[in-house]
Amino acid sequence: MSVQSLFQLKERGSNIRQEIIAGLTTFLAMVYSVIVVPNMLSAAGFPADSVFIATCLVAGLGSILIGLWANVPMAIGCAISLTAFTAFSLVLGQGISVPVALGAIFLMGVVFTLVSVTGIRGWILRNLPSSIAHGAGIGIGLFLLLIATNGVGLVVGNNAGLPVKMGEFTSFPVIMTLIGLATIIGLERLQVKGSILWVIIAITVIGLIIDPNVKFEGNVFKLPSFGENSQLFNLDIMGALNTAILPVVFALVMTAIFDATGTIRAVAGQANLLDKQGQIINGGKALTSDSMSSILSGLFGTAPAAVYIESAAGTAVGGKTGLTAIVVGILFLLMLFFQPLAFLVPGYATAPALMYVGLLMLSNVSKLDFDDFVGAMSGLICAVFIVLTANIVTGIMLGFASLVLGRIISGEVKRLNIGTVIIAIVLVAFYALGYAI
C-alpha cells in the first residue's frame, strides 16, 4: 500500500511535501515541551535526564500511534497543565513520592483508555453542543495567544488592578515576536507555502546572530540515556491505589477527558476533519490514541500525555492526515540523539506561530448561531472563561452550566438532550466537590 493511499492524501487534498512541512511546523511549535517538562518535574525531584528521554519517547510514540491508527494531523506530548499539577500539587504539595505519582499517572491512563474504548468519551463528544464546541475553539485560540505573549514578555502579570499588563515593548523577544507575526500574516496573504516554518527558522537564525542568550555550544549529538536515576518502569501502582490517592486519579481522568476532547475537537475543526454530522473523522481512534499515551507516560516516567493544541500550527499550513503526526513523532524520536539542539530554538521564534494559530481559531465566532441566543452566549461564556481562568475544562464547565440553565429559564427545555444535562451536572459537581485541577 502506497503512502498516498494509506493516508488518503489525494482524497483530503494534500501531498507528501505539504504533510512534511506541517509536521516540521507542529514539531517546532511544541518542541519546547522537552525543555519545559523536565524543568518543571525536576523541581519536584524527578531526574531531568530521565524525564527528557521519557518525554521524547511519549511524544514520539504517541504521535506515531495517532498518525498511523487515526490518520489525523494531531501530535501528542506531555500536557503542560498536567505536568504542573504532577510537580507542584501532587509531589510537592501533597508529599507523594515520585513512584506513587507515576503509578497514579499510569492508572489515570488505564481508566482514561477504558473510558475511550467503551465509547463513553465518544458519547461525551457527540453530546458536546456545537455552540460549546465552537466556544472551546475560540477560547483555546485566546488561550494560545495568552500563552505565547506571556512567554515572550509581551503580556505580563500585574500586581495591582487588573491581572495582566503590557510588558517591555522594546525588548528583543517582543520585537521579534511582533515582526514574526506580521511576517507570517503577510506571507500567508501571499500564499507562501510553509510560511510559519520559514519564519520560525529565520528568527532562530537571527537569534543566534544577535541574542547572547541563544547559544550554539558546538555539540549536536548526544547518546540518549535515562541516567543513573532512571524512572523507567519505576512506578508504584499499589501505592497509587491508596484511598488517599484515588481522588487524584479521578481528577486527572476528568481533566484529561474534557481538556483533551476539547482540544481534539478544536484541531479537527481547524483541519476540516468533521463529517456532515459535525463529528470528528476517526474521532474514536484519535481519542483512544490520546489516552493510551498516558499509559506510556506512567511506564517511562513523565507527566500525563495529551493532544497538543499546537497541532493547529501544522493544520494551518496544510496538514490534513496522519502523515503530519508521524513526521512529528519521528522528529521527537530523533531528538533523543540531539538533546543539545532542543535548547536552540528560542521561545520568541515559535511565539508568532502560536499567536497566528490563535488568531485563526478566533474565526469560530462566525460559526456561532446568534439566532440561537442562549446557545451563542453559552459558547462565548465557554470561550471567555477558558482564557480568564487559564483552564479549558473550567470554560467548558461554565459553558455547559449556562447552556442548561439558560434553556430552562428561557423556556427552551425541549432543545436540551439528556446527555448535555448529565454532562453539565457531572462537571458542576466535579468543581463543587473540589476535585478540579
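A few points about this structure:
- With N as its number of residues, the chain has a Cα radius of gyration that, divided by 2.2 N^0.38 Å, comes to 0.94.
- Computed magnitude of the charge dipole of the chain (debye, nearest 20; Cβ of K, R +1, Cβ of D, E -1): 740
- Spatial separation of Cα centroids for the stretch 300-367 and the stretch 150-193, in angstrom: 18
- Global form of the stretch 365-405, assessed from the alpha-carbon gyration tensor, a/c cut-off 1.5: oblate
- Loop-located trypsin sites (Lys or Arg not before Pro) across the stretch 1-78 with a Cβ neighbour count of 12 or fewer within 10 Å are Lys10, with loop assigned by DSSP.
- Sulfur and carbon atoms: percent of accessible area, the stretch 135-202 [1.4 Å]: 69
- Solvent accessible area, Å² - Lys165, 1.4 Å probe, full protein context: 110
- Leading residue at positive end of dipole, the chain (Cβ point charges), from Val393, Leu92, Trp123: Trp123
- Loop-located trypsin sites (Lys or Arg not before Pro) in the stretch 262-356 (DSSP state other than H, G, I, E, B) with a sparse environment of at most 11 neighbouring Cβ atoms within 10 Å: Lys276.
- Cα gyration tensor category, rounded, prolate or oblate, for the stretch 227-367 with a/c compared to 1.5: oblate
- Most tightly packed first, judged by the mean number of other beta-carbon atoms within 10 Å of their residues, the peptides 222-233, 176-187, 71-82, 43-54 read 71-82, 43-54, 176-187, 222-233.
- Over the chain: helical MRE at 222 nm, DSSP H runs n ≥ 4 each giving -39500 (n - 2.57), nearest 500: -20500 deg cm²/dmol
- Annotation: lysines with alpha-carbon distance below 23 angstrom to Lys193 (same-chain offsets under eight excluded): Lys10, Lys320.
- For the stretch 394-437 versus the stretch 49-112, the gap between their alpha-carbon centres in whole angstrom: 29
- Take Leu6: with every protein chain present and a 1.4 Å probe, its accessible area is about 80 Å².
- Ordered by solvent-accessible area of protein heavy atoms (1.4 Å probe), largest first, the residues Glu188, Glu310 come out as Glu188, Glu310.
- Highest-fluctuation residue, Thr394, Thr243, Thr118 considered, GNM on the chain with Cα pairs under 10 Å: Thr243
The values are calculated or read from the model by the stated rules, or taken from the named source; none is laboratory data. None of the values given here were measured: they were computed from a predicted structure. In this analysis, Cβ positions are derived from the backbone assuming ideal geometry, glycine residues included, and neighbour counts consider all displayed protein chains. The area values use the complete protein model at the heavy-atom level, side chains included, leaving out ligands, DNA and RNA. Shrake-Rupley method; radii C 1.70, N 1.55, O 1.52, S 1.80 Å.
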